[in-house]
Structures are given as structure tokens and as C-alpha cells.
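A quick write-up on the structure given underneath.
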Amino acid sequence: QVQLVESGGGSVQAGESLRLSCVASGYTSSTFCMGWFRQAPGQEREGFAALCHRDSGPSYEYADYTKGRFTLSLGNAENTLLLQMDSLKPEDTAMYYCARTWDRTWWSPPPLSGRMYHYWGQGTQVTVSS
């Protein structure tokens with residue numbers, strides 16, 4: 001069974017950067033989608049970055065409000081999803097979750113809806129102070 005382990009969250013000042021990691025295990029297929037979601041207090045969970053991978057390689061999708069500040073990538077091993085977050089703002093403060101679809105599923109563009117994902121990590125807290 002797929003398991004996701006997230007790390008890299010923490011407390012930073014506005015304008016600084018963080019890199020989040022999500023390591024997947026238990027997968028059986030190289031065809032999949034993974035995404036990052038965040039949930040601030042009192043707000044609904046929202047997806048802002050996702051990729052889908054198949055034999056031809058990954059494709060990416062970002063929410064407009066990321067404004068190019070956030071960048072997805074796969075680590076040296078395809079089981080690791082990285083999220084580089086630059087120019088962080090207090091509004092970015094939230095619990096950040098990674099998620100993965102059922103194996104052997106792929107969409108274009110990569111979906112930002114949490115309803116498309118089955119496996120979820122435990123979340124990692126990101127706090128940005130001004």
C-alpha cells in the first residue's frame with residue numbers, strides 16, 4: 001500500500017524559502033499523479049501544484065496564485081516529490097499535504113482537485129512570520 005512521508009516544514013520569516021519533500025513508498029507503477037495541497041485555519045483545503053508522470057516523463061500544473069514562487073520537481077529517485085517555495089508570505093502559512101493518485105492513473109493537465117487523489121501524507125506545518 002502506498003505511504004507518503006512529508007518533511008521540510010518549519011517556521012521562517014517572510015521572503016525566505018523552504019523546500020518540502022514527500023517520499024512515496026509501496027507504489028507499484030511509474031504512472032501516477034502527485035500533488036501538493038495546503039489548508040490554513042478556517043479555510044478549505046486547496047491544491048496548488050501537481051504533476052503527473054508516465055513513460056514520457058512528468059507534466060506540471062500550478063495554481064495561478066503561486067505566481068511562479070513555487071516549483072515542483074522529482075528527486076533523483078522518482079519516489080521523491082520536491083516543492084521549492086521561494087519568497088514566502090505570511091499568507092502561505094498552512095498545513096501542507098502531499099497526495100498521490102491510484103497507481104496507473106494519469107491526467108492532463110495534472111489535477112489540482114483533492115477529490116482526484118487517494119493517498120495522503122500526514123502533513124507538515126509551514127509558518128511564515130512578517
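The values are calculated or read from the model by the stated rules, or taken from the named source; none is laboratory data. Note that the structure is predicted; figures quoted are calculated from it, not measured. Every residue, glycine as well, gets a Cβ built from its backbone with ideal geometry; the counts of neighbours run over all protein chains shown. Side chains included, ligands, DNA and RNA excluded: accessible areas come from the protein's heavy atoms. Shrake-Rupley method; radii C 1.70, N 1.55, O 1.52, S 1.80 Å.
Given the criteria in contact (Cβ under 8 Å) with a residue 24 or more places away in the chain, out of contact with any helix residue (DSSP H, G or I) (no Cβ under 9 Å at 6 or more places or on another chain) and not basic (Lys, Arg), does residue 44 qualify? Let's see the steps before the verdict.
Working: in contact (Cβ under 8 Å) with a residue 24 or more places away in the chain: no; out of contact with any helix residue (DSSP H, G or I) (no Cβ under 9 Å at 6 or more places or on another chain): yes; not basic (Lys, Arg): yes.
For residue 44, the condition - in contact (Cβ under 8 Å) with a residue 24 or more places away in the chain, out of contact with any helix residue (DSSP H, G or I) (no Cβ under 9 Å at 6 or more places or on another chain) and not basic (Lys, Arg) - is not met.
Any idea which residue in the stretch 56-74 is modelled with the lowest pLDDT, counting only those that are open to solvent by 60 Å² or more (accessible area, probe 1.4 Å) and not in a strand (DSSP E or B)?
The residue in question is 67.
So how many residues does the stretch 3-31 have that are modelled with pLDDT of 95 or more and surrounded by fewer than 12 Cβ atoms within 10 Å (Cβ to Cβ)?
Final tally of qualifying residues: 3.
Could you please find all residues in the stretch 106-130 being in a loop (DSSP other than H, G, I, E, B), open to solvent by less than 80 Å² (accessible area, probe 1.4 Å) and among the hydrophobic types (A, V, I, L, M, F, W, C)?
Correct list: 106, 112.
Which pairs have Cβ atoms under 9 Å, sit 6 or more apart or on different chains, and link a residue in the stretch 104-130 that is at pLDDT below 95 to one that is open to solvent by 50 Å² or more (accessible area, probe 1.4 Å) and assigned to a strand (DSSP E or B)?
106/54; 108/61; 130/13
Which of the residues spanning the stretch 75-105 are acidic (Asp, Glu) and not in a loop (DSSP other than H, G, I, E, B)?
Result: 91, 92.
Of all residues in the stretch 80-99, which are touching a Leu at 6+ places or on another chain (Cβ under 6 Å) and either more than 14 Å from residue 5 (Cα to Cα) or at pLDDT below 95 (or both)?
85
Among the residues that make up the stretch 82-91, is at least one of them more than 15 Å from residue 17 (Cα to Cα) and open to solvent by less than 20 Å² (accessible area, probe 1.4 Å)?
no
Please go through the stretch 32-54 and give me each residue that is farther than 19 Å from residue 115 by Cβ, open to solvent by 40 Å² or more (accessible area, probe 1.4 Å) and part of a loop (DSSP other than H, G, I, E, B), ordered by number.
41, 42
Starting from the stretch 53-74, take each residue that is over 16 Å from residue 99 (Cβ atoms) and list its partners that are open to solvent by less than 60 Å² (accessible area, probe 1.4 Å) and among the small types (Gly, Ala, Ser), counting only C-beta distances under 9 angstrom and pairs at least six apart or across chains.
54/30; 55/30; 66/49; 71/49
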